[in-house]
């Protein structure tokens, strides 16, 4: 068994030469009639980088991918791969991109091996070379046992691996993936996500990936490009996007969020209600008088029962309220705590330790946090 | 590269042109029947020298064409009732029964379509030998009904399959008895299929030649038999006139089908709202 | 269960029983016994052999032309959407529904020595025109191709419409050129439609009566006409029965083989 499967790094080095290239989309726009589906998309993907286009449906993420793939011609803008302008190169040998389609697009009349060998046969590679590389690719996705099956006889996850092997086998300079996990169930999804992550790191492939699933995006990507209304709202590492979203949309799209809106005061606080201000971190550098939203992720909050001994005075880094609802979801307890000043109830995800006393609905509670966990999002400019 | 694209574009135009040409070749001969029917002389041409309604008068005034038409109308109507009724029963049994019976029944229902028409006609001829002469027209109807049965069964089965079985369960759970459920749920939802099945089996029966040819006798001649004889022995524009009438009938059926579909769509939209 | 009984009674009495009677006739013996006498007569019949050959040749030729003419056209029609798809659908359905008598009749008019086709050919100065296109083999093949083409088109379009176009995109992205995509993806995926259409046209062509009867000469007689002649003119019912049984065996075994590979429903519902 060990002999059959060489070490991971070695495997990768064998299939993939140093062919992965950078991709640059510049000011891509596209409209159909009066509806503008892409308006100035800019995206730079470095060689060997995994970038995910994330966004709600209709945000233009699939269109961006189709433009990158060459199936859709942009009205304006330029696409370069490495230093080659491929804007007008049709999809195919010259464009040199591997694509994993949403429904996998496996040829139903061909076996797994025939599917994977297709791009090599098209390139008229010698037969020995074809079978060697097909074997390698199938071993890479752990499907060498099923080489002679037809796609219809495979499970969804296996089909997905075949599609991946087929897109990788001809060593394209870029790999494009359009919601490849869309049709899979949750558990399988997670397994495959790790697998894709491993493969991509091993092969050093440049990947542009489309999904609407934020967890998937965060697990896989070096960087995430969050899309909205045909443009990229924010692009950055998963951490950056989660911790420091630049807009309310970004803050709300990724994960659960509590947003306390208010006006910055001159003494470094945010007034979120009449006579109620919260302390801001020193690094926030808020302009006094401007409006901001303070982002507090539910997991950085601590909810405690409000006991007679506790300090009832409204403080700078806590709020008081009553538990409106609570649910136990396994890894955490989720509270909805209704406070006076943000109209929305505060969400708290709290790791359920044995020492924590669980609160019940209707109980008075104190929600507190560490000031450094606050991230400020400037409001205005149609941002809210 | 732009040269390659030009060639590709040209190829596409050629392809489209060819396809429309094939469609034109399918339809133009039928369209040509109209000028042929309007000819004045006994020889037929797609470009008659003089336009006249002479052959229309001949056909409409001639008692033999009229009686042929009424015989066809009679046999085809009875045949339609037969194939639609039996087709509905069979489709219901096929859709709602377990596998072995289902495939047996399916093959049985498809038999008249699989067996060459001559043989269906032959077996109908045998059937006629057991039945008194006065009942011959009914035997023709039965044979024509058999020919329409496979299509009718397929269409109705398709529309019955389209009915969500939970709807029936819902209707039963709401207190409908079998007959009410059939009348208020199944029938309206399968109506489109039943009407299409009826229309198609009518056309099949109305156009059927061989069965009627085998069973024809003086005083019992359907329209296709009359046309067949006429093409064999006379070959006059009268046939074109009758053909134009037949095509008008099909146009009417297609139009009615479109209207039914539209009405169904509208009423569905209303229900949704 | 009552409805099942009604169906079985009706189909049994009106179809299966008479059909069984035809089978009995074919193995009957002039003295009321059982014998293969009629089949032996068929096997040695000099008049029937050319009819059989002609029937098979005509059916296969017509099928070939239907595929040849229909395939490229169906490819185009299958791609259409919206009102264009509806229009072509009705335009194919119309001749499909029109009586084959009518369609054969109009070809008799158009293909005659003074018909439209020959007039056009003469005025174009085509050498040898006007051609004899009626009451010979060419005429029958042209007429039957015209009559059966809609079946082929419907079968092809039904299958081609179901071809997933992302497969073609995928092949393109993997580096295949248009010809290669056509040959390695499109053709194999449309093959079931070709097979279904070809089987339907062959079987219908094999048992066809109207067109060869009206457009063919004595040399173009086909097997269905032999049955008709034996029943209506020669009153040779056992002879007709034995030919019928022969046809039945050919047709049903073709269906059985085809259904094995394509499924019965595909054959019966070519339009998808």
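The residue pairs whose first member lies in segment C:16-45 and is without any contact (Cβ under 8 Å) to a residue 12 or more places away in the chain, whose second member is in a loop (DSSP other than H, G, I, E, B) and surrounded by 14 or more Cβ atoms within 10 Å (Cβ to Cβ), and whose beta carbons are closer than 7 Å, counting only pairs six or more residues apart or on different chains, are C:34/C:27; C:35/C:27; C:36/C:27. Report yes if residue B:264 is more than 11 Å from chain C (Cβ to nearest Cβ) and in contact (Cβ under 8 Å) with a residue 24 or more places away in the chain, otherwise no. Yes; evaluated as a whole, the condition is true for this residue.
The number of residues in segment A:198-211 being surrounded by 19 or more Cβ atoms within 10 Å (Cβ to Cβ) and not in a helix (DSSP H, G or I) comes to 7.
Of the listed requirements (1) under 21 Å from residue A:206 (Cα atoms); (2) within 23 Å of the chain's Cα centre (by Cα); (3) not in a loop (DSSP other than H, G, I, E, B), residue A:102 misses just one: (3). Just one residue in the set C:178, C:188, C:192, C:150 is in contact (Cβ under 8 Å) with a residue 60 or more places away in the chain, surrounded by fewer than 24 Cβ atoms within 10 Å (Cβ to Cβ) and at negative phi; that residue is C:192.
May I ask you to list the residues in segment C:52-85 that are over 14 Å from the mean Cα position of the chain (by Cα), part of a helix (DSSP H, G or I) and more than 9 Å from chain B (Cβ to nearest Cβ)?
C:52, C:53, C:54, C:68, C:71, C:78, C:79, C:82, C:83, C:84, C:85
Restricting C:170, C:196, C:155 to residues that are facing another protein chain (nearest Cβ under 9 Å) and assigned to a helix (DSSP H, G or I) narrows the list to C:170.
Summed over segment A:105-124, the residues that are outside any helix (DSSP H, G or I) and within 11 Å of chain C (Cβ to nearest Cβ) give a count of 8.
Tell me whether segment B:17-38 contains one or more residues that are in a helix (DSSP H, G or I), over 25 Å from residue C:108 (Cα atoms) and within 10 Å of another protein chain (Cβ to nearest Cβ).
Yes - at least one qualifying residue is present in segment B:17-38.
Screening segment B:86-107 for residues that are facing another protein chain (nearest Cβ under 7 Å) and modelled with pLDDT of 90 or more and picking the one that is nearest to residue C:10 (Cα to Cα) gives B:86. Of the numbered criteria (1) within 7 Å of chain A (Cβ to nearest Cβ); (2) assigned to a helix (DSSP H, G or I), the one residue C:187 fails is (1). Name the single residue, out of those in segment C:220-253 being at pLDDT below 90 and within 20 Å of the chain's Cα centre (by Cα), that is farthest from the other protein chains (Cβ to nearest Cβ). Among those that are at pLDDT below 90 and within 20 Å of the chain's Cα centre (by Cα), it is C:220. Of the residues in segment B:47-68, none is buried (at least 20 other Cβ atoms within 10 Å of the Cβ), within 12 Å of another protein chain (Cβ to nearest Cβ) and touching a helix residue (DSSP H, G or I) at 6+ places or on another chain (Cβ under 9 Å).
Residue count for segment B:217-231 satisfying the condition of being surrounded by fewer than 21 Cβ atoms within 10 Å (Cβ to Cβ) and more than 17 Å from residue C:103 (Cβ to Cβ): 6. Scanning segment C:174-184 for residues that are assigned to a helix (DSSP H, G or I), more than 30 Å from the chain's Cα centre (by Cα) and within 10 Å of another protein chain (Cβ to nearest Cβ), we see that the one that is farthest from residue A:119 (Cα to Cα) is C:178.
Filter the helices (runs of 4 or more DSSP H) completely within segment B:165-273 down to those with at least 2 residues that are more than 30 Å from residue C:223 (Cβ to Cβ) and out of contact with any strand residue (DSSP E or B) (no Cβ under 9 Å at 6 or more places or on another chain). Full working, then the answer.
Values: elements: B:165-173, B:178-181, B:187-207, B:210-215, B:223-233, B:237-272.
In segment B:165-273, the matching helices (runs of 4 or more DSSP H) lie at B:165-173, B:178-181, B:187-207, B:237-272.
Name every residue in segment A:216-259 that is in a strand (DSSP E or B), surrounded by fewer than 22 Cβ atoms within 10 Å (Cβ to Cβ) and under 11 Å from the mean Cα position of the chain (by Cα), in order of residue number. Scanning segment A:216-259 gives A:223, A:235, A:236.
State whether one or more residues within segment A:78-89 are over 23 Å from the mean Cα position of the chain (by Cα), under 19 Å from residue C:165 (Cβ atoms) and not in a strand (DSSP E or B). Scanning segment A:78-89 turns up no residue that is over 23 Å from the mean Cα position of the chain (by Cα), under 19 Å from residue C:165 (Cβ atoms) and not in a strand (DSSP E or B). Within segment A:140-159, being assigned to a helix (DSSP H, G or I) and modelled with pLDDT under 90 holds for A:140, A:144, A:156, A:157. A Cβ distance below 8 Å, combined with a sequence gap of six or more or placement on separate chains, defines the contacts here; from segment A:105-128, residues that are at positive phi reach residues that are in a helix (DSSP H, G or I) in the pairs A:105/A:163; A:105/C:166; A:105/C:167; A:105/C:169; A:105/C:170. Residue A:359 satisfies every condition listed in (1) closer than 22 Å to residue A:264 by Cα; (2) in contact with a strand residue (DSSP E or B) (Cβ under 6 Å, 6 or more places away or on another chain); (3) modelled with pLDDT under 85 except (1). Filtering segment A:281-313 to residues that are in contact with a strand residue (DSSP E or B) (Cβ under 7 Å, 6 or more places away or on another chain), modelled with pLDDT under 80 and under 16 Å from residue A:372 (Cβ atoms) leaves only A:284.
The values are calculated or read from the model by the stated rules, or taken from the named source; none is laboratory data. Everything numeric in this text was worked out from a predicted model, so none of it was measured. Neighbour counts are summed over all protein chains in view; Cβ atoms, including those assigned to glycine, are modelled from backbone coordinates with ideal geometry.
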